[in-house]
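**Q** One structure, pasted below without further comment.
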Amino acid sequence: MPHLPLSTIFYLSLATLLWAGNAIAGRALVGSISPVTLSAVRWGLAALILLPLGWRVFRSSSALWQNKTRFLLLALLGVGSYNVLLYLALQTSTAINVTLIGASMPIWMLLIGAVFYEAKPTLLQLTGALVSLFGVTIVLTRGDVASLLSMQAVMGDLLIMLATILWAFYSWMIGRPGKSTERQWPWAEFLMAQVMIGFLWTMLFDSVEIATGNAFIDLNYWTGALILFVAIGPSLIAYRCWGLGVSGAGPTVAAFFANLIPLFTALLSAAILGDPPQLFHGFAFILIVIGILVSSTAQKKN
């Protein structure tokens, strides 16, 4: 790994720590606020906080309106669907499982790239993906791989897998901008467009939760603090830090830091939720990291 400035290491590490905290907070809020309502409140607050910095993106002269279809899809995949599925998954799955299954991202990135973007994976990349897949399988089977054929996966595990696939599509879209000027947008405006449109998508999903009588919120100092945390930390600060970190290190090196999320989640779970990691979690984490390192090495050689 090339020499990195301490500031870049700090930005990338802080982003992954905050995203791990998002999983912990979402798990801690189970029973205090319904999952889709949590996502709606989170992004509504984030949009309000970001509005003074990013409001210019909604001017009639903004390039947003030339890319409205693209941003409708970006916001649906990256803000709306992903986060709703994440909080739904945390209703039945643990924060550790959610982040470890989310670490299967390289598999879906390779598959989606090959099928939709003509990015043919190498043998080393496929090998790394298979190693990661085995690690994810260990999580899904709770360490008993032999029971795979007879297992009944927890619904939350399946939901976070779907969320991971959608995030992979979102990541490919971000990597292939629709207009050349998009890369020159101020960070707050680019994020504001996704946050506000994603909030509208989430409100659409929340209307279903409300209509079915499943929406609820038990607001007190504790839940209010956690909701404010997910609206500011994982939603705004983490995105900004990740952007700065990727600019300094490049996306390939930054991918190594993304795999700190399961480790941070396991440590935070042990400290806060009384949900310590099991031995199979550690083994699965090692396999996932090995797979991603192999894939990243293969990408560097190309």
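The values are calculated or read from the model by the stated rules, or taken from the named source; none is laboratory data. For clarity, every value in this text was computed on a predicted model and none was experimentally measured. A quick note on method: Cβ atoms are made from the backbone with ideal geometry, for glycine too, and the neighbour counts reach across all protein chains shown.
**Q** Please work out which residue is surrounded by the fewest Cβ atoms within 10 Å (Cβ to Cβ), limiting yourself to the range 165-187 and to residues that are closer than 25 Å to Ala231 by Cβ and modelled with pLDDT of 85 or more.
**A** Step by step, filter the range 165-187, then rank; the result is Leu166.
**Q** Residues Leu50, Leu90, Leu77: which one is under 13 Å from Phe199 (Cβ atoms) and buried (at least 16 other Cβ atoms within 10 Å of the Cβ)?
**A** Values: Leu90 fails: under 13 Å from Phe199 (Cβ atoms); Leu77 fails: under 13 Å from Phe199 (Cβ atoms).
Criteria check complete, one pass: Leu50.
**Q** If you don't mind, another one. Would you be able to say whether some residue in the range 21-29 is free of Cβ contacts under 8 Å to residues at least 24 places away in the same chain and within 21 Å of Trp201 (Cα to Cα)?
**A** There is no residue in the range 21-29 that is free of Cβ contacts under 8 Å to residues at least 24 places away in the same chain and within 21 Å of Trp201 (Cα to Cα).
**Q** Could you check how many residues of the range 38-61 are in contact with a Leu (Cβ under 8 Å, 6 or more places away or on another chain) and more than 18 Å from Asp218 (Cα to Cα)?
**A** 6
**Q** Criterion first (part of a helix (DSSP H, G or I) and without any contact (Cβ under 8 Å) to a residue 40 or more places away in the chain) does Gly224 satisfy it?
**A** Judged against the criteria, Gly224 is a match.
**Q** Is it true that Leu85 is over 30 Å from Phe283 (Cβ atoms) and surrounded by 21 or more Cβ atoms within 10 Å (Cβ to Cβ)?
**A** Answer is no for this residue.
**Q** Among the numbered conditions (1) touching a strand residue (DSSP E or B) at 6+ places or on another chain (Cβ under 9 Å); (2) surrounded by 21 or more Cβ atoms within 10 Å (Cβ to Cβ), tell me where Phe199 comes up short.
**A** (1)
**Q** How many residues are assigned to a helix (DSSP H, G or I), modelled with pLDDT under 75 and touching a Leu at 6+ places or on another chain (Cβ under 9 Å) if we restrict to the range 267-286?
**A** Count: 3.
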